[in-house]
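Beneath this line is the structure, given in C-alpha coordinates, with notes to follow.
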Amino acid sequence: MKKFMFLMLICAGVLVLSACTAIQERVDATAYERIHRQLMAMESFTTQATVTFISNNSTHVYETIQHARVTGEYRIEVTAPENVAGNTTVFDGTTISQFNPRVDGRISQTSTEAPERLEILLTSFVRNFVTSQEVSIMAAAMEEGLTTILEATIPGDHPYMTSQRLWVKNDTQLPVQMIIYDQNGAERIIVIFNSFEYNVNIEDNMFQVRR
(Lines give C-alpha, C1' and ligand atoms only; values in the text may rest on other atoms or scores of the structure.)
Protein backbone atom coordinates (compact mmCIF):
# COMPACT_ATOMS: atom_id res chain seq x y z
CA MET A 1 0.00 0.00 0.00
CA LYS A 2 2.80 2.41 0.93
CA LYS A 3 4.61 1.57 -2.30
CA PHE A 4 1.46 2.29 -4.31
CA MET A 5 0.93 5.66 -2.57
CA PHE A 6 4.58 6.59 -3.16
CA LEU A 7 4.22 5.90 -6.89
CA MET A 8 1.06 7.99 -7.05
CA LEU A 9 2.80 10.89 -5.35
CA ILE A 10 5.63 10.76 -7.88
CA CYS A 11 3.18 10.88 -10.77
CA ALA A 12 1.17 13.70 -9.25
CA GLY A 13 4.28 15.74 -8.55
CA VAL A 14 5.83 15.65 -11.99
CA LEU A 15 2.85 15.51 -14.34
CA VAL A 16 0.45 18.20 -15.42
CA LEU A 17 -0.85 17.04 -18.77
CA SER A 18 0.31 13.43 -18.98
CA ALA A 19 -0.90 10.19 -17.46
CA CYS A 20 1.16 8.45 -14.84
CA THR A 21 1.95 5.60 -17.21
CA ALA A 22 3.71 8.03 -19.58
CA ILE A 23 6.69 8.25 -17.22
CA GLN A 24 9.35 5.78 -18.25
CA GLU A 25 12.11 6.89 -15.92
CA ARG A 26 12.21 8.87 -12.71
CA VAL A 27 13.45 12.42 -13.02
CA ASP A 28 17.19 12.56 -12.41
CA ALA A 29 17.63 15.62 -10.19
CA THR A 30 21.34 15.92 -10.96
CA ALA A 31 20.71 15.73 -14.70
CA TYR A 32 17.98 18.36 -14.40
CA GLU A 33 20.32 20.68 -12.51
CA ARG A 34 22.90 20.39 -15.31
CA ILE A 35 20.25 20.98 -17.97
CA HIS A 36 18.80 23.95 -16.11
CA ARG A 37 22.25 25.44 -15.64
CA GLN A 38 23.08 24.98 -19.34
CA LEU A 39 19.83 26.58 -20.52
CA MET A 40 20.20 29.52 -18.13
CA ALA A 41 23.78 30.07 -19.33
CA MET A 42 22.77 30.02 -23.00
CA GLU A 43 23.61 33.25 -24.77
CA SER A 44 23.17 32.04 -28.35
CA PHE A 45 22.67 28.91 -30.40
CA THR A 46 22.89 27.47 -33.89
CA THR A 47 20.83 24.50 -35.00
CA GLN A 48 19.73 22.51 -38.02
CA ALA A 49 16.13 21.68 -37.22
CA THR A 50 13.18 19.98 -38.88
CA VAL A 51 10.02 21.94 -38.18
CA THR A 52 6.55 20.46 -38.72
CA PHE A 53 3.44 22.64 -38.68
CA ILE A 54 0.19 20.73 -38.16
CA SER A 55 -3.15 22.34 -38.99
CA ASN A 56 -6.61 20.83 -38.95
CA ASN A 57 -6.38 19.97 -42.64
CA SER A 58 -2.70 19.61 -43.53
CA THR A 59 0.87 19.08 -42.36
CA HIS A 60 3.88 20.98 -43.65
CA VAL A 61 7.49 19.99 -42.96
CA TYR A 62 10.47 22.33 -43.37
CA GLU A 63 14.19 21.92 -42.95
CA THR A 64 15.70 25.00 -41.33
CA ILE A 65 18.96 26.52 -40.17
CA GLN A 66 18.49 28.75 -37.14
CA HIS A 67 20.80 31.22 -35.43
CA ALA A 68 19.61 33.16 -32.39
CA ARG A 69 20.72 35.17 -29.39
CA VAL A 70 18.92 35.41 -26.06
CA THR A 71 18.77 39.17 -26.62
CA GLY A 72 16.18 38.50 -29.34
CA GLU A 73 18.02 38.58 -32.64
CA TYR A 74 17.51 35.58 -34.89
CA ARG A 75 17.94 34.22 -38.39
CA ILE A 76 15.82 31.40 -39.80
CA GLU A 77 16.63 30.04 -43.26
CA VAL A 78 14.50 27.38 -44.91
CA THR A 79 16.58 24.82 -46.82
CA ALA A 80 13.79 22.39 -47.88
CA PRO A 81 11.43 21.64 -49.52
CA GLU A 82 12.79 22.95 -52.77
CA ASN A 83 9.89 25.29 -53.53
CA VAL A 84 10.65 27.40 -50.45
CA ALA A 85 14.39 26.78 -50.07
CA GLY A 86 16.27 30.01 -49.52
CA ASN A 87 13.41 31.84 -47.84
CA THR A 88 15.03 33.68 -44.96
CA THR A 89 13.70 35.69 -42.03
CA VAL A 90 15.98 37.77 -39.82
CA PHE A 91 15.39 40.00 -36.83
CA ASP A 92 18.15 42.47 -35.95
CA GLY A 93 16.58 43.62 -32.72
CA THR A 94 14.40 46.25 -34.37
CA THR A 95 13.15 45.15 -37.76
CA ILE A 96 12.05 41.81 -39.19
CA SER A 97 13.25 41.30 -42.76
CA GLN A 98 12.14 38.52 -45.08
CA PHE A 99 13.89 37.46 -48.27
CA ASN A 100 12.33 35.36 -51.03
CA PRO A 101 14.80 34.43 -53.81
CA ARG A 102 11.95 33.46 -56.15
CA VAL A 103 10.34 36.90 -56.16
CA ASP A 104 13.11 38.93 -57.80
CA GLY A 105 15.12 38.73 -54.60
CA ARG A 106 12.57 40.94 -52.90
CA ILE A 107 13.11 41.93 -49.28
CA SER A 108 10.07 42.84 -47.19
CA GLN A 109 10.33 44.46 -43.77
CA THR A 110 7.97 44.71 -40.84
CA SER A 111 8.00 45.16 -37.08
CA THR A 112 5.15 42.67 -36.54
CA GLU A 113 6.24 39.25 -35.29
CA ALA A 114 4.49 36.02 -36.22
CA PRO A 115 4.12 34.02 -32.97
CA GLU A 116 4.28 30.70 -34.86
CA ARG A 117 7.74 31.61 -36.10
CA LEU A 118 9.04 32.98 -32.83
CA GLU A 119 7.98 29.96 -30.78
CA ILE A 120 10.09 27.50 -32.80
CA LEU A 121 13.22 29.10 -31.31
CA LEU A 122 14.75 27.54 -28.21
CA THR A 123 15.32 31.02 -26.78
CA SER A 124 11.55 31.51 -26.72
CA PHE A 125 11.05 28.27 -24.80
CA VAL A 126 13.61 29.28 -22.19
CA ARG A 127 11.90 32.63 -21.73
CA ASN A 128 8.50 30.95 -21.36
CA PHE A 129 9.87 28.35 -18.93
CA VAL A 130 11.42 31.00 -16.70
CA THR A 131 8.34 33.24 -16.64
CA SER A 132 5.62 30.57 -16.69
CA GLN A 133 3.47 30.20 -13.61
CA GLU A 134 2.85 26.54 -14.43
CA VAL A 135 5.83 24.31 -15.27
CA SER A 136 6.47 20.62 -14.91
CA ILE A 137 9.47 18.30 -15.17
CA MET A 138 9.23 14.75 -16.46
CA ALA A 139 11.56 12.04 -17.72
CA ALA A 140 11.51 9.62 -20.63
CA ALA A 141 13.74 7.12 -22.39
CA MET A 142 14.20 7.81 -26.10
CA GLU A 143 16.32 6.29 -28.83
CA GLU A 144 18.81 9.07 -28.15
CA GLY A 145 19.04 8.05 -24.49
CA LEU A 146 17.55 9.24 -21.22
CA THR A 147 15.96 12.66 -21.44
CA THR A 148 14.42 15.24 -19.16
CA ILE A 149 11.21 16.86 -20.37
CA LEU A 150 10.52 20.47 -19.42
CA GLU A 151 7.03 21.86 -19.89
CA ALA A 152 5.83 25.46 -19.80
CA THR A 153 2.81 27.50 -20.75
CA ILE A 154 2.94 29.94 -23.66
CA PRO A 155 1.73 33.44 -22.76
CA GLY A 156 -1.14 35.01 -24.65
CA ASP A 157 -4.38 33.53 -25.83
CA HIS A 158 -3.33 31.88 -29.10
CA PRO A 159 -5.70 28.89 -29.45
CA TYR A 160 -3.11 26.77 -31.28
CA MET A 161 -0.15 27.52 -29.00
CA THR A 162 -1.00 27.01 -25.34
CA SER A 163 1.86 24.94 -23.93
CA GLN A 164 5.16 23.43 -25.02
CA ARG A 165 7.52 20.66 -24.02
CA LEU A 166 11.25 20.38 -24.53
CA TRP A 167 13.14 17.05 -24.46
CA VAL A 168 16.80 17.42 -23.44
CA LYS A 169 19.41 14.64 -23.26
CA ASN A 170 20.61 14.01 -19.73
CA ASP A 171 24.20 13.26 -20.66
CA THR A 172 24.91 16.08 -23.14
CA GLN A 173 22.29 18.71 -22.19
CA LEU A 174 21.48 19.01 -25.90
CA PRO A 175 17.85 19.49 -26.96
CA VAL A 176 16.29 16.60 -28.87
CA GLN A 177 12.84 17.90 -29.75
CA MET A 178 10.27 20.51 -28.81
CA ILE A 179 6.50 20.19 -29.26
CA ILE A 180 3.91 22.96 -29.05
CA TYR A 181 0.34 22.02 -28.13
CA ASP A 182 -2.99 23.72 -28.64
CA GLN A 183 -5.62 24.35 -25.97
CA ASN A 184 -6.95 20.82 -26.46
CA GLY A 185 -3.55 19.17 -26.02
CA ALA A 186 -3.08 18.36 -29.71
CA GLU A 187 0.36 18.70 -31.29
CA ARG A 188 0.60 21.76 -33.53
CA ILE A 189 4.32 22.40 -34.04
CA ILE A 190 7.12 19.83 -33.75
CA VAL A 191 10.78 20.87 -33.80
CA ILE A 192 13.40 18.14 -34.16
CA PHE A 193 16.93 19.36 -33.41
CA ASN A 194 19.17 17.44 -35.84
CA SER A 195 22.26 19.30 -34.63
CA PHE A 196 22.72 21.92 -31.96
CA GLU A 197 25.50 24.17 -30.62
CA TYR A 198 25.30 26.35 -27.53
CA ASN A 199 26.94 29.76 -27.21
CA VAL A 200 28.36 30.09 -30.69
CA ASN A 201 29.89 33.40 -31.76
CA ILE A 202 27.32 34.94 -34.10
CA GLU A 203 28.42 38.05 -35.98
CA ASP A 204 25.99 40.96 -36.30
CA ASN A 205 25.84 40.57 -40.08
CA MET A 206 24.17 37.18 -39.59
CA PHE A 207 21.04 39.14 -38.70
CA GLN A 208 21.03 40.98 -42.00
CA VAL A 209 19.48 39.59 -45.19
CA ARG A 210 22.10 38.39 -47.66
CA ARG A 211 20.90 38.12 -51.23
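The values are calculated or read from the model by the stated rules, or taken from the named source; none is laboratory data. Keep in mind that this is a model prediction, so the values were computed, not measured. Don't worry about glycine lacking a Cβ; one is built from the backbone with ideal geometry, like all the others, and counts go over all protein chains shown. Ligands, DNA and RNA are excluded from the accessible area calculation, which covers all protein heavy atoms including side chains. Shrake-Rupley method; radii C 1.70, N 1.55, O 1.52, S 1.80 Å.
What the table below lists for this structure:
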{"quantity": "Index of the failed condition, Phe193 passing every other in (1) assigned to a strand (DSSP E or B); (2) hydrophobic (A, V, I, L, M, F, W, C); (3) open to solvent by 50 Å² or more (accessible area, probe 1.4 Å)", "calculated": "(3)"}
{"quantity": "Candidate set: segment 114-138, residues that are surrounded by 11 or more Cβ atoms within 10 Å (Cβ to Cβ) and among the charged types (D, E, K, R); chosen: the one farthest from Ser44 (Cα to Cα)", "calculated": "Glu116"}
{"quantity": "Flag if Gln48 is surrounded by fewer than 18 Cβ atoms within 10 Å (Cβ to Cβ) and farther than 16 Å from Phe193 by Cα", "calculated": "no"}
{"quantity": "Which numbered condition Tyr160 misses (of (1) under 18 Å from His36 (Cα atoms); (2) buried (at least 16 other Cβ atoms within 10 Å of the Cβ))", "calculated": "(1)"}
